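J.: First the structure, which I've put down as structure tokens, then a few questions once you've had a look.
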Amino acid sequence: MRRTITALVALSLLVFVACSNDAGSETKRELLIAVNAPFSATPYVGLGIQHGVQLAIEQINDAGGIQTDDGTFTFTMKTYDNALSPQRAVDNVKQAISDGAVAIVDEGTGVDASWRIADDASVPICIVYQGGTGLVDIQKRPNVFRIAPTDHGIAFRYAEYLVPKGYKIAILHDDSEYGHQGAEALSDPFGYTPKAVAMNIEIPAGATDYSPQVLQARRSGATAILAWGIAPTIAQLIRDVRGAGSALPIYTPPSGADPTVRQQLADHPEWIDGVTFASGRMTAEVGPGPFLKFEHAYEDMFGRDEVGVSTSSGKKVYQPPEYPMYPYDFTRVLASAIEAAGSAGGDAILHALNEVAIKGANGDERGFNEKNHEGVVDDDVYFALFNDMTYVPVRDDPLSATLDVIPQT
């Protein structure tokens with residue numbers, strides 16, 4: 001009898017172990033998404049990327065994760081500060097891969113070198129801020145994707161917007177990686193209209209005085225300034241142009257919308273009035289509904305992003321989550337790719353990223369294919385004008401004029 005009981009216990013243990021092994025393949029496994037961004041150098045950009053990824057992860061995990069034949073996957077996230085240093089960005093990618101990241105959501109700094117490291121590990125990198133022309137190359141860099149407006153698109157849109165106005169444009173770009181990429185992009189469309197350019201010079205990023213360059217621009221006969229650089233550069237340049245008593249119209253890339261610009265000009269709020277920036281549109285042909293739904297979910301999780309300034313009537317100004325929607329969209333594309341691949345293996349994910357698409361936060365389709373790793377259409381760029389510390393789409397551009405004003409107070 002004792003031997004019979006012992007045999008039954010042994011058999012029960014074998015069945016338990018076998019069942020446990022089967023169940024193990026169905027248990028949840030966490031996949032790491034790395035966020036490589038300039039948290040210390042430009043907090044608005046860094047935190048925006050982090051929050052976009054974090055919101056998508058929360059929604060995916062709350063919905064039960066990603067169901068595949070290999071089991072259920074959920075996401076976790078780890079942030080790495082690149083401080084706008086290419087070397088530090090590369091070191092971060094090495095560390096992220098060592099930490100087991102299945103994908104890297106990247107601001108863009110250092111990708112010229114870091115893509116190789118990620119490619120060797122079959123890990124996709126998605127750029128969600130910088131728009132440099134050479135950063136994404138489907139032939140040379142098959143693991144690099146982007147969901148963000150391209151510098152190429154912004155440059156051509158600026159050319160078609162500004163040249164017909166008859167301006168003599170002073171192009172000033174700083175010596176940051178962001179500024180260099182912008183200068184390269186601008187050289188193409190404005191190369192076809194050289195008479196529209198009064199001067200084109202490089203300035204030091206984040207300097208505290210651009211008065212000599214502003215004087216040079218005025219003496220060149222410039223009737224408008226197109227400034228491309230990081231947010232502190234834009235802020236100081238506006239200060240020096242307006243401080244010199246010049247009313248020259250000023251145009252900027254997306255960095256002009258960074259809250260840092262308005263914060264640094266809070267002592268002279270009138271100086272920001274009339275400044276125009278270009279960026280990817282927040283709303284699409286379907287109207288503002290999808291973006292407002294995304295904005296509501298974003299604010300439920302993080303609260304409203306305070307710019308740190310107020311209107312002339314004392315109302316606090318808030319920043320719409322325009323750039324957080326890009327990392328949010330990529331995280332959801334990544335989840336769709338893993339579901340389609342049925343695996344979290346790097347090669348399988350890379351292949352599936354070329355085959356899936358989702359409805360993005362603003363209602364546009366987001367996805368990639370074997371011929372195109374850009375998730376934002378080149379000409380999908382609008383212009384917005386600052387007034388009283390908030391901004392509205394301009395009315396003298398056909399695309400911009402169709403867009404709704406997103407509340408900011």
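The values are calculated or read from the model by the stated rules, or taken from the named source; none is laboratory data. Not measured: the values here are computed from a predicted model. Here Cβ is always computed from backbone atoms with ideal geometry, including for glycine, and neighbour counts include all displayed protein chains. Heavy atoms of the whole protein, side chains included, go into the accessibility calculation; ligands, DNA and RNA do not. Shrake-Rupley method; radii C 1.70, N 1.55, O 1.52, S 1.80 Å.
J.: Give me the distance in nm between label points sitting 7 Å out from Cα along the Cα-to-Cβ direction at A247 and D404, one decimal.
T.: For the pair A247/D404, the computed spacing is 3.5 nm.
J.: How much of the DSSP beta bridge set in the chain is antiparallel, as a percent to the nearest 5?
T.: That works out to approximately 35 percent antiparallel.
J.: Would you mind working out the magnitude of the charge dipole of the range 296-383 relative to its Cα centre, with +1 at each Lys and Arg C-beta and -1 at each Asp and Glu C-beta, to the nearest 20 Debye? Could the numbers behind the result be given before it?
T.: Values: 7 positive and 16 negative charges, 78 e Å.
So the magnitude is around 380 debye.
J.: Just name one of W271, A37, V53: the one whose Cα is farthest towards the positive end of the charge dipole of the chain (beta-carbon charges, Lys/Arg +1, Asp/Glu -1).
T.: Farthest towards the positive pole: W271.
J.: Where the only charges are on Cβ atoms (+1 Lys, Arg; -1 Asp, Glu), what is the dipole of the range 138-274 about its Cα centre, to the nearest 20 debye?
T.: The calculation lands at about 380 debye.
J.: Taking the simple approach of a point 7 Å from Cα along Cα-to-Cβ for both Q67 and A83, what is their distance in nm?
T.: Inter-label distance under the simple model: 4.7 nm.
J.: Is there a quick way to get the dipole size of the chain? I mean about its Cα centre, with the Cβ of Lys and Arg at +1 and of Asp and Glu at -1; what is the value in debye to the nearest 20?
T.: 360 debye
J.: With each label point set 7 Å from Cα along the Cα-Cβ vector, what nm distance links F302 and E365?
T.: 2.8 nm
J.: Taking only protein heavy atoms and a 1.4 Å probe, what accessible area per residue, in Å², does the chain have with all protein chains in place?
T.: I get 42 Å² per residue for the chain.
J.: Hey, in the GNM for the chain with a 10 angstrom Cα cutoff, which one of V286, V275, V105 fluctuates hardest?
T.: Fluctuation is largest for V286.
J.: Cα centroid distance between the range 120-149 and the range 255-303, in Å?
T.: Between the Cα centre of the range 120-149 and that of the range 255-303, the gap is 25 Å.
J.: Oh, and also: Which one, L186, Y167, N200, projects farthest toward the positive side of the charge dipole computed for the range 113-222 from Cβ point charges (K/R +1, D/E -1)?
T.: Checking the options against the dipole of the range 113-222, the answer is Y167.
J.: Only loop residues by DSSP count here, and only those with at most 16 other Cβ atoms within 10 Å; note down the trypsin sites (Lys or Arg not before Pro) in the range 131-219 that meet that.
T.: Filter output for the range 131-219: K140, K168.
J.: Additional query: Which Cα, out of T260, Q213, S312, lies furthest along the positive dipole direction of the range 190-315 (beta carbon charges, K/R +1, D/E -1)?
T.: Q213
J.: Further question on the same structure: For the chain, what % of the accessible area comes from carbon and sulfur atoms, probe 1.4 Å?
T.: It is 52 percent, rounded to a whole number.
J.: Any idea what the relative contact order of the range 36-137 is, in percent, if you count C-alpha pairs under 8 Å spaced at least 6 apart?
T.: 27 percent
J.: While we're on this one: Quick one: among P149, P253, P290, which has the greatest mean-square fluctuation in a GNM of the chain with alpha-carbon springs under 10 angstrom?
T.: Its mean-square fluctuation being the largest, the pick is P290.
J.: Report the FRET efficiency, 1/(1 + (r/R0)^6), for D175 and V286, where r is their Cβ-Cβ distance and R0 is 51 Å, rounded to 0.05.
T.: 0.80
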